[in-house]
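Peer 1: I am attaching a structure below and will ask some questions about it afterwards.
The values are calculated or read from the model by the stated rules, or taken from the named source; none is laboratory data. Predicted, not measured: the structure shown is a model, and the values here were computed from it. FYI the Cβ positions are ideal-geometry reconstructions off the backbone, even for glycines, and counts take in every protein chain you see. Please note that ligands, DNA and RNA were not included when accessible areas were found on the heavy atoms of the full protein model with its side chains. Shrake-Rupley method; radii C 1.70, N 1.55, O 1.52, S 1.80 Å.
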Amino acid sequence: MLKEFQDHLESRLSFLKDSKLLIAISGGIDSVVLTHLCCKSQLHVALAHCNFNLRGKESDADEDFVLQLAEDLDLEVFVESFDTEGYAEENKRSIQMAARELRYNWFAELSEQLQFDYVLTAHHADDNLETFLINFTRGTGLEGLTGIPEVNEVFVRPLLPFSNEQIANFAKYNDIKWRDDSSNKSTKYLRNKLRHDVIPILKEINPSLLQSFQSTLSHLNDTSNIVECAMETFLKEAIINVTNQETKYKVETFKKQSAPKAFLYETFKSYGFTQWEDILNLLTAQPGKYVASTTHRLIKDRDVLILTGNTSEIFPNESITVLDTNATLKIPCGYLEFSEVDVLDTEHHENCIYIDKGLLHSPLTIRQKKQGDAFSPLGMKGKKKKLSKFFKDEKFSLVDKENTWLFCSDDNIVWVIGKRADDRFKVTDKTKHIIKIELIQ
């Protein structure tokens, strides 16, 4: 196996030979064999071990074993102890997910602080098959069937082409000692159930299962590359514009595809959505309809779909009090710069207004819309207009409405910020003090 491992490094992972490497080591057979293979291949490695404190004395014995192995092989070693159960409870995670987050976050932190180029993990071909089956049984798209990536940012998995059997034979032939994790024998976890109950039956049916699986993965990854290229071309046509708050897509670009649901899935799968029939129905829905995930919303607005971050409350009741009309105030959509001036600037733009200071009454506040709001748009000579009607006439989307803030005097709208000033507060010949307000984004 050593020769095969070194050949694999040469052909696929040659960049590791001149890199500073950190091996994630549990003390189990896979990571211990990886450590020996790397040492025999003269790679520049150090060890990193997580003690999750989940198995009492057994966890401490694993730590002691890794420390002794590092000493025997003359390797630098890092050990971190975690309160895994506390982290899982605090962050509402399963124990397995908590342990995964803790170790990967620590590995990434170590690699950044101590300038390791890559972190090596000991995932192998059987792990890859288990992950494939887990995703398959839970339901997934193409991306869940393409296997564990061999290189993913700083994480590299040099043992992916090798089977559990090859690793075990190498350990036995070289008289390598390791630690057995008793929790790996329990079939209460899905991965272990697949490992002990399902995969042996599949290997009995097809003794060449892993080779067949590797071939299937290769085909699936080729297909994934084709899909990725097709999506790049599609999105160039579909995306109208991208801002910090939202991304807009042409509805028609989705509708003209022979399989619009597939394009919707590939476009929005990374944003936590699961209601794909509802998202498909957005293409023909009335404006204002939306589908929400825990992190994002997809909103239908006339002939576009708008992707934006989720908000638990569309129009919050919070308001910001303006205490000084000769200062700069931070608001959700930027900064408002207040200043007293003697004359009006002849250059006019929507982000700047001039008002009569004498017409302002406390409290001065910045807030969002509320039911029944109305104002007198500048130029309409005092005629009232409902804010909802103004939004409609200006063709505001739901996101536009949510991101619109109002400057108010005693709850009367002075300025729909960045959009339209109120005629009642404009500067006239009788004005004695002029306030200039500018929105800086």
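Peer 1: Once Lys and Arg get +1 and Asp and Glu get -1 on their Cβ, which of Phe254, Pro377, His49 lies farthest toward the positive end of the dipole of the chain?
Peer 2: Sorting the options by dipole projection puts first Pro377.
Peer 1: In addition: Running a GNM on the chain with Cα contacts under 10 Å, which residue among Asn244, Asn53, Asn221 ends up with the highest mean-square fluctuation?
Peer 2: Largest GNM mean-square fluctuation: Asn244.
Peer 1: Select from Phe425, Asn244, Gly28 the residue farthest towards the positive end of the dipole of the chain; place +1 on Cβ of Lys and Arg, -1 on Cβ of Asp and Glu, and compute about the Cα centre.
Peer 2: Looking along the dipole axis, the top candidate is Phe425.
Peer 1: What is the angle, in °, between the Cα long axis of helix 95-113 and the longest principal axis of the Cα atoms in the chain? Nearest 10 is fine, range 0 to 90.
Peer 2: Tilt of helix 95-113: around 80 degrees.
Peer 1: Another question, if that's okay. Once the Cα atoms of helix 29-40 and of the chain are each reduced to a long axis, what angle between those two axes, in degrees from 0 to 90 to the nearest 10, is obtained?
Peer 2: 80
Peer 1: Which percent of Cα-Cα pairs in segment 23-133 sits in each 5 Å bin, short to long?
Peer 2: 2, 11, 20, 22, 22, 15, 6, 2, 0
Peer 1: Further, regarding this structure: Can you give the accessible area per residue of segment 348-441, in Å², using a 1.4 Å probe? List each step's numbers first, then the result.
Peer 2: On the way: 4990 Å² over 94 residues.
Here the residues of segment 348-441 average 53 Å² of exposed surface.
Peer 1: Still on this structure, I have one more. For segment 31-148, give the magnitude of the charge dipole about the Cα centre (Cβ charges: +1 Lys/Arg, -1 Asp/Glu; no others), in debye to the nearest 20. Before the final figure, lay out the partial values.
Peer 2: Numbers: 8 positive and 22 negative charges, 103 e Å.
Its charge dipole is roughly 500 debye.
Peer 1: Hey, what angle do you get for helix 57-73 against the long axis of the chain, alpha-carbon based, 0 to 90 degrees rounded to 10?
Peer 2: 70
Peer 1: Of Lys248/Lys383; Lys370/Lys395; Lys383/Lys432, which sit over 29 Å apart, Cα to Cα? Provide the component values of the computation, followed by the final result.
Peer 2: Working: Lys248/Lys383 34 Å; Lys370/Lys395 18 Å; Lys383/Lys432 24 Å.
Over 29 Å Cα-Cα: Lys248/Lys383.
Peer 1: Using the Cα centre of segment 72-181 as origin and beta-carbon charges of +1 (Lys, Arg) and -1 (Asp, Glu), tell me which of Trp106, Ser94, Val156 is placed farthest towards the positive end of the dipole.
Peer 2: About the Cα centre, the residue reaching furthest to the positive side is Ser94.
Peer 1: Please give the per residue accessible area of segment 109-177, computed with a probe of 1.4 Å over protein heavy atoms only, in Å².
Peer 2: Details: 3430 Å² over 69 residues.
I get 50 Å² per residue for this part.
Peer 1: Counting only DSSP beta bridges with both residues in segment 1-160, what percent are antiparallel, rounded to the nearest 5? Spell out each step's value before the answer.
Peer 2: On the way: 2 of 17 bridges.
Counting only bridges with both partners in segment 1-160, antiparallel ones make up about 10 percent.
Peer 1: Is segment 65-193 best put as rounded, prolate or oblate by its Cα gyration tensor, with a ≥ b ≥ c the root eigenvalues, rounded for a/c under 1.5, and otherwise prolate when a/b is larger than b/c, oblate when not?
Peer 2: Rounded is the answer for segment 65-193, as its axis ratio a/c remains below 1.5.
Peer 1: Something else: When DSSP assigns beta bridges and you keep just the ones with both residues in the chain, what percent turn out antiparallel, to the nearest 5? Mind dumping the intermediate values first?
Peer 2: On the way: 50 of 65 bridges.
Taking every DSSP beta bridge within the chain, about 75 percent pair in antiparallel fashion.
Peer 1: Can you give me the pair-distance distribution of the chain, C-alpha pairs, 20 Å bins, whole percents?
Peer 2: All Cα pairs considered, the percentages come to 19, 36, 28, 15, 2.
Peer 1: For segment 182-233, just say rounded, prolate or oblate: build the C-alpha gyration tensor, square-root its eigenvalues into a ≥ b ≥ c, call rounded for a/c under 1.5, and beyond that prolate if a/b exceeds b/c, oblate if not. It would help to have the intermediate numbers written out before the result.
Peer 2: Details: a/c = 4.81, a/b = 1.94, b/c = 2.48.
Oblate, since a/c reaches 1.5 and b/c is not below a/b.
Peer 1: Quick one: grab the alpha carbon gyration tensor of segment 370-441, order the square roots of its eigenvalues as a ≥ b ≥ c, and give me rounded if a/c is under 1.5, else prolate or oblate depending on whether a/b is larger than b/c.
Peer 2: Details: a/c = 2.06, a/b = 1.50, b/c = 1.37.
It is prolate, given that a/c is not under 1.5 and a/b is the larger ratio.
Peer 1: Could you give the dipole magnitude of segment 329-386 about its Cα centre, charging the beta-carbon of Lys and Arg +1 and that of Asp and Glu -1, in debye to the nearest 20? The partial results should precede the final answer.
Peer 2: Numbers: 10 positive and 8 negative charges, 145 e Å.
Dipole about the Cα centre, nearest 20: 700 debye.
Peer 1: Enumerate the lysines that Lys188 could reach by cross-link, defined here as Cα to Cα under 25 Å, with residues fewer than 8 away along the same chain left out.
Peer 2: Lys57, Lys92, Lys203
Peer 1: If the only charges are +1 at each Lys and Arg Cβ and -1 at each Asp and Glu Cβ, what is the size of the charge dipole of the chain around the Cα centre, to the nearest 20 debye?
Peer 2: 2520
Peer 1: Turning to a different aspect of this structure: Gap in Å between the Cα centre of segment 211-266 and the Cα centre of segment 14-41?
Peer 2: 36
Peer 1: Round to a whole number: what % of the accessible area of the chain belongs to carbon and sulfur, probe 1.4 Å? Each step should come with its number before you reach the end.
Peer 2: Values: 11780 of 24750 Å².
Carbon with sulfur: 48 percent of the solvent-accessible area.
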